[in-house]
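Student: Can you keep this structure in mind? I'll have questions shortly.
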Number of protein chains: 2
Amino acid sequence: MQDKTIVELLKSEKTHVDVTVRGWVRSFRSNRFIALNDGSTIKTLQCVVDFENFEEEILKKVTIGAAIEVTGTLVESQGQGQTVEIQVSKLTVLGEANPEDVKLTILSPKRHSLETLREQAHLRIRTNTFGAVMRTRSKLAFAVHEYFQKNGFNYMHSPIITGSDAEGAGEMFRVSNLDAKNPPLDENGTVNYKEDFFEKETNLTVSGQLEAETYAMALGKVYTFGPTFRAENSNTSRHLAEFWMIEPEVAFNDLDANMDLAEDFIKYVVNYALENCADDLEFLENRLLEEEKNKPEAERSEMKLREKLQFILENNFKRVTYTEAIDILKRSKPNQKKKFKYIIEEWGADLQSEHERFLVEKHFKCPVILFDYPANIKSFYMRLNDDGKTVRAMDVLFPGIGEIVGGSEREERYDVLLQKMKTMNIDEKELYWYLDLRKFGTATHSGFGLGFERLVQFTTGMGNIRDVIPYPRTPGNAEF
Amino acid sequence: MQDKTIVELLKSEKTHVDVTVRGWVRSFRSNRFIALNDGSTIKTLQCVVDFENFEEEILKKVTIGAAIEVTGTLVESQGQGQTVEIQVSKLTVLGEANPEDVKLTILSPKRHSLETLREQAHLRIRTNTFGAVMRTRSKLAFAVHEYFQKNGFNYMHSPIITGSDAEGAGEMFRVSNLDAKNPPLDENGTVNYKEDFFEKETNLTVSGQLEAETYAMALGKVYTFGPTFRAENSNTSRHLAEFWMIEPEVAFNDLDANMDLAEDFIKYVVNYALENCADDLEFLENRLLEEEKNKPEAERSEMKLREKLQFILENNFKRVTYTEAIDILKRSKPNQKKKFKYIIEEWGADLQSEHERFLVEKHFKCPVILFDYPANIKSFYMRLNDDGKTVRAMDVLFPGIGEIVGGSEREERYDVLLQKMKTMNIDEKELYWYLDLRKFGTATHSGFGLGFERLVQFTTGMGNIRDVIPYPRTPGNAEF
């Protein structure tokens, strides 16, 4: 392992020492100044070569994207915007990069579109934008773990392959080992999954919540952080077929405590990014400003990226019942002037993205937690309120993103849950273990799910969710 | 959220304060002493009730597994083995647990077999053993993240659904959305995956390594930590169809640096468990002693659980070439007396579990890193040594577990890699992106994979891998 990475060298207080550093060439100006990057930071280390001391054949190979090793003396930099630089005494080209190869153009100073970069997902990570996004993603992921561990939660790995398709949160991917063309059939002529690997039909999980509940009812506080899947044909900038989800679940928490947890958690991880990704966020903020220059003024963000993150930290999330929200929406200008695509006519309507964004961005101008939704537009496991028509559900709505968190207090009463399952045609035999939790030592408990990529999008200001995950899976796309 | 959990209350220095605590009843002795557990620790909090102050109807419901809330005064405990207890002034039963229900017998003080508990994986987490294992698992997972983040690694989410089946590390599970019984066929009569969700055949990943390499060659140091899958019909105590893997990958690291990293990393996480899971490891150590009493003396562990962990910390891992190992094995007693199932005849033999265990447990009596394996028994991507017949592969072998880490320096030379792929029939078109890494700024790099469940097994002393993951997936088993 190299002694020091560039991020460490740039912080060096000790100069006039010999160092060796390895990385990739970002630029080579005047046959003299190499900007070297090793991925440890968005910044480059300036390596100054005296071309008279090096063979031309070697310097020719110092092209954008080439891997090199330099040894030299670390000195205070003469140039602007950098603290130290290396006076190179030895230079080795480890791996060349043919400057004429068309793929390498994505590394050129000329900005390429995010769409073009997406087609070269194995190389786009070498650009400043994706380096910044993925370093920030990594830091955010760690902040998630640190928050929960500090607060006494146990990380729980819920299963990825599931034999249960009962939650009905969306279409699922089938996992199978049977002959794809001629699957074995049973006497009724249907596919005989008894001959499959798991001896039953299995799918990829859409949520680890139900299993997390089994652990919360023993360990008290748990969270999951793992991949989840939706086989939905949604080609939008907000949907992936494979994405990472965070699902805390806490015994004895009611909905109020659940809201407190969601707000505290989000503020922690956003603050962690502000404190630990300063250089990357600065770059991403400027990238966003640049990108928005091409947009009509009305579509530009009101706040700069880091202002927006700071705003989240400094404001209480406004807590509003669904019923209040419907009143506000019914009386709103876009509703009355029929500017909404879906006009809000009456209580019970499912809120669309346009309504959520109106509430957050126009009406309240701050993050909003909507709660107590109509029972019939929400999942079977949410706790029924005494009014008999609303459930203890909550959604956290963010500016620019819409729903970032969905959660609820869970129905902990056996009879009420069983009745709900019957009404909603949920197979109670298959979910016997979920019902067991209500038979043996049941108690109030709550939790929520947060789509990690939405959080990364919000924090980095990236408009398309495909640009915040290394290898996005979407309809028709499972490259690499 | 409740104010304080039991693990916090047990550390209280302030007594004679009123507290409220919620949890599940572990026992209720003499109609007076409730042992309450909330999952935050393996320990219970003693709650002392004066039965004259409570209705008999309520006390009757204080049975094993019931959820209760108690309010009372925290006082220094009179009893042994506990620092504080609660003098209960108020007791509420939140959720009853019918003591006659057969499922609840797994919570009874009478020890049940791990096999029986496995059938009730949603309830087994309420037992001391599984509470201890899963809390330790959570802490180990955090130690993994903390180690890498402290050392400048970026966490990378490699894809779970993969369109590439080129690595050939094992049989894969197919992921599909086509009609299972009557899939569409193309003009050649084969299944037409162009009509599938991803418009190609897709599988569950067996390893994130190749994608991690693409990120290491830009960000320098990366690691993955995610689920991986093997559709192998292995019904052993060491195999799962779904398991979590950790795969660091580091640009500019050679094999020596890779060994240093593996050793340093393992020592860090094991030490983290010793420091942060003291109560759970104490319990698990005693559990193991108890379990081994039923074994013949020769099969019992030579060291107690925590001694074994300490031993790992205090000893250098012995680094031995494959060639040296073969010499040792050929001359060994079990080989000469034909006690091995597979007799080692000559250089080139693939080592079996029995050989690895002999080297670790009998010969060296310490963790061993074997390296420089024959090229033809290892993967295509491992770097060829100058001898032309061995590759820069390494396996870390642990007592009781066998292989816990497998890794290598990667073949960074384009021509050598291409030749190897041709020889081994790896589709170079499909892996064009992997070859690209050798075209543009290639450099020495190395990494390894560690099966997280093997690490949890080693740390907790659990004999069967199905008992260290919440919901194990094995042939014929995808319950819950």
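Student: Examine segment A:384-395 for a residue that is in contact with a Pro (Cβ under 8 Å, 6 or more places away or on another chain), assigned by TED's automatic domain parsing to the domain that holds A:Val456 and among the hydroxyl-bearing types (Ser, Thr, Tyr), and state whether such a residue exists.
Tutor: yes
Student: If you check A:Asn316, A:Asn276, A:Asn271, A:Asn294, which single one turns out to be out of contact with any strand residue (DSSP E or B) (no Cβ under 7 Å at 6 or more places or on another chain), assigned by TED's automatic domain parsing to the domain that holds A:Tyr373, under 16 Å from A:Val133 (Cβ atoms) and of a type in the set (S, T, N, Q)?
Tutor: Unique residue meeting the criteria: A:Asn276.
Student: If you check B:His122 against the conditions, is it assigned to a helix (DSSP H, G or I) and modelled with pLDDT of 95 or more?
Tutor: yes
Student: Looking for something small (Gly, Ala, Ser) and surrounded by 21 or more Cβ atoms within 10 Å (Cβ to Cβ) - is there at least one such residue anywhere in segment B:323-338?
Tutor: yes
Student: Something else: Go through segment A:203-254 and report how many residues are in a strand (DSSP E or B) and charged (D, E, K, R).
Tutor: Filtering segment A:203-254 down to residues in a strand (DSSP E or B) leaves A:203-204, A:221-229, A:242-251.
Retained after the next criterion (residues that are charged (D, E, K, R)): A:221, A:242, A:247, A:249.
Total satisfying the criteria: 4.
Student: Can you tell which of A:Phe371, A:Phe358 is within 22 Å of A:Leu455 (Cα to Cα), in contact (Cβ under 8 Å) with a residue 12 or more places away in the chain, in contact with a strand residue (DSSP E or B) (Cβ under 9 Å, 6 or more places away or on another chain) and buried (at least 20 other Cβ atoms within 10 Å of the Cβ)?
Tutor: Exactly one residue qualifies, and that residue is A:Phe371.
Student: Mind counting the residues in segment A:224-259 that are at the interface with chain B (Cβ under 7 Å from one of its Cβ atoms) and of a type in the set (D, E, K, R)?
Tutor: 1
Student: Would segment B:242-250 turn up any residue that is open to solvent by 10 Å² or more (accessible area, probe 1.4 Å) and under 23 Å from B:Glu411 (Cβ atoms)? Please lay out each step first, then the result.
Tutor: The first filter runs over segment B:242-250 and keeps only residues open to solvent by 10 Å² or more (accessible area, probe 1.4 Å), leaving B:243, B:245, B:247.
Cutting the leftovers down to under 23 Å from B:Glu411 (Cβ atoms) gives us B:245, B:247.
Taking every residue of segment B:242-250 in turn, at least one turns out to be open to solvent by 10 Å² or more (accessible area, probe 1.4 Å) and under 23 Å from B:Glu411 (Cβ atoms).
Student: From the list A:Asn154, A:Asn128, pick out the single residue that is facing chain B (nearest Cβ under 9 Å) and modelled with pLDDT of 95 or more. Write out each step before concluding.
Tutor: On the way: A:Asn128 fails: facing chain B (nearest Cβ under 9 Å).
Only one candidate qualifies: A:Asn154.
Student: Please specify each residue of segment A:280-307 satisfying the condition of being in contact with a helix residue (DSSP H, G or I) (Cβ under 8 Å, 6 or more places away or on another chain), charged (D, E, K, R) and surrounded by 11 or more Cβ atoms within 10 Å (Cβ to Cβ).
Tutor: A:Asp280, A:Glu282, A:Glu285, A:Arg287, A:Glu292, A:Arg300, A:Lys304, A:Arg306
Student: A:Pro374: under 29 Å from the mean Cα position of the chain (by Cα) and farther than 17 Å from A:Met259 by Cα, yes or no?
Tutor: yes
Student: Next question, about the same structure. Based on what the data block shows, is B:Leu384 within 17 Å of B:Asn258 (Cα to Cα) and surrounded by 20 or more Cβ atoms within 10 Å (Cβ to Cβ)?
Tutor: Values: within 17 Å of B:Asn258 (Cα to Cα): yes; surrounded by 20 or more Cβ atoms within 10 Å (Cβ to Cβ): no.
It is false that B:Leu384 is within 17 Å of B:Asn258 (Cα to Cα) and surrounded by 20 or more Cβ atoms within 10 Å (Cβ to Cβ).
Student: Take the residues in segment B:308-322 that are assigned to a helix (DSSP H, G or I) and open to solvent by 60 Å² or more (accessible area, probe 1.4 Å), then tell me which one is farthest from A:Lys150 (Cα to Cα).
Tutor: That would be B:Glu314.
Student: Further question: Output the residues belonging to segment B:416-438 that are surrounded by 14 or more Cβ atoms within 10 Å (Cβ to Cβ) and among the aromatic types (Phe, Trp, Tyr).
Tutor: B:Trp433, B:Tyr434
Student: Can you tell which of A:Thr224, A:Thr236 is open to solvent by less than 10 Å² (accessible area, probe 1.4 Å), closer than 30 Å to B:Val175 by Cα and of a type in the set (Val, Ile, Thr)? Explain how you work it out, then say what you get.
Tutor: Working: A:Thr236 fails: open to solvent by less than 10 Å² (accessible area, probe 1.4 Å).
Unique residue meeting the criteria: A:Thr224.
Student: I've got another one for you. Going by what's in this entry, would A:Met217 be described as buried (at least 24 other Cβ atoms within 10 Å of the Cβ), in contact (Cβ under 8 Å) with a residue 12 or more places away in the chain and facing another protein chain (nearest Cβ under 10 Å)?
Tutor: yes
Student: Going through segment A:186-202 one residue at a time, which ones are at the interface with chain B (Cβ under 9 Å from one of its Cβ atoms) and either part of a strand (DSSP E or B) or of a type in the set (Asp, Glu) (or both)?
Tutor: A:Val191, A:Glu199, A:Glu201, A:Thr202
Student: Could you list all residues from segment B:143-163 that are part of a strand (DSSP E or B) and either out of contact with any helix residue (DSSP H, G or I) (no Cβ under 7 Å at 6 or more places or on another chain) or not polar (S, T, N, Q) (or both)?
Tutor: B:Tyr155, B:Ile161, B:Thr162
Student: Quick check on segment A:35-60: of everything there that is assigned to a strand (DSSP E or B) and touching a Lys or Arg at 6+ places or on another chain (Cβ under 8 Å), which residue is surrounded by the most Cβ atoms within 10 Å (Cβ to Cβ)?
Tutor: By that ranking, first place goes to A:Leu36.
Student: Test of understanding: among B:Ala97, B:Ala143, B:Ala67, which residue is within 11 Å of chain A (Cβ to nearest Cβ), under 30 Å from B:Tyr268 (Cβ atoms) and crowded, with 17+ Cβ neighbours inside 10 Å?
Tutor: On the way: B:Ala97 fails: under 30 Å from B:Tyr268 (Cβ atoms); B:Ala67 fails: under 30 Å from B:Tyr268 (Cβ atoms).
Just a single option satisfies the conditions, and that option is B:Ala143.
Student: Somewhere in segment A:387-405, is a residue buried (at least 20 other Cβ atoms within 10 Å of the Cβ), touching a helix residue (DSSP H, G or I) at 6+ places or on another chain (Cβ under 7 Å) and closer than 23 Å to B:Phe480 by Cα?
Tutor: no
Student: Of everything in segment A:100-117 that's part of a helix (DSSP H, G or I) and open to solvent by 50 Å² or more (accessible area, probe 1.4 Å), which residue is farthest from the other protein chains (Cβ to nearest Cβ)? I'd like the intermediate steps shown before the answer.
Tutor: Restricting attention to segment A:100-117, the residues satisfying the condition of being part of a helix (DSSP H, G or I) are A:102-107, A:114-117.
Checking which are open to solvent by 50 Å² or more (accessible area, probe 1.4 Å) leaves us with A:102, A:105, A:115-116.
Values: A:Val102: 11, A:Thr105: 12, A:Glu115: 18, A:Thr116: 15 Å.
The extreme case among them is A:Glu115.
Student: Sticking with this one: Hey, B:Ala257 hits all of (1) within 22 Å of the chain's Cα centre (by Cα); (2) surrounded by 14 or more Cβ atoms within 10 Å (Cβ to Cβ); (3) assigned to a helix (DSSP H, G or I) but one; which does it fall short on?
Tutor: (1)
Student: Can you tell me which residues in segment B:216-251 are of a type in the set (A, V, I, L, M, F, W, C), within 19 Å of the chain's Cα centre (by Cα) and closer than 23 Å to A:Phe130 by Cα?
Tutor: B:Phe225, B:Ile246
Student: Can you tell me which residue is farthest from the other protein chains (Cβ to nearest Cβ) among those in segment B:70-82 that are under 26 Å from B:Arg287 (Cα atoms) and surrounded by fewer than 15 Cβ atoms within 10 Å (Cβ to Cβ)?
Tutor: My answer is B:Gln80.
Student: Take the conditions at the interface with chain A (Cβ under 7 Å from one of its Cβ atoms) and at pLDDT 95 or above and apply them to B:Pro183. Does it pass? Quick ask: steps written out before the conclusion?
Tutor: Numbers: at the interface with chain A (Cβ under 7 Å from one of its Cβ atoms): yes; at pLDDT 95 or above: yes.
Yes.
Student: Of all the residues that make up segment A:125-139, how many are among the hydrophobic types (A, V, I, L, M, F, W, C) and outside any helix (DSSP H, G or I)?
Tutor: Within segment A:125-139, residues that are among the hydrophobic types (A, V, I, L, M, F, W, C) and outside any helix (DSSP H, G or I) number 1.
The values are calculated or read from the model by the stated rules, or taken from the named source; none is laboratory data. Please read these numbers as outputs of a predicted model, since none were measured by experiment. Here the Cβ is made from the backbone with ideal geometry for all residues, glycine too, and neighbour counts use every protein chain on show. All accessible areas refer to the heavy atoms of the entire protein, side chains included, with ligands and DNA or RNA removed. Shrake-Rupley method; radii C 1.70, N 1.55, O 1.52, S 1.80 Å.
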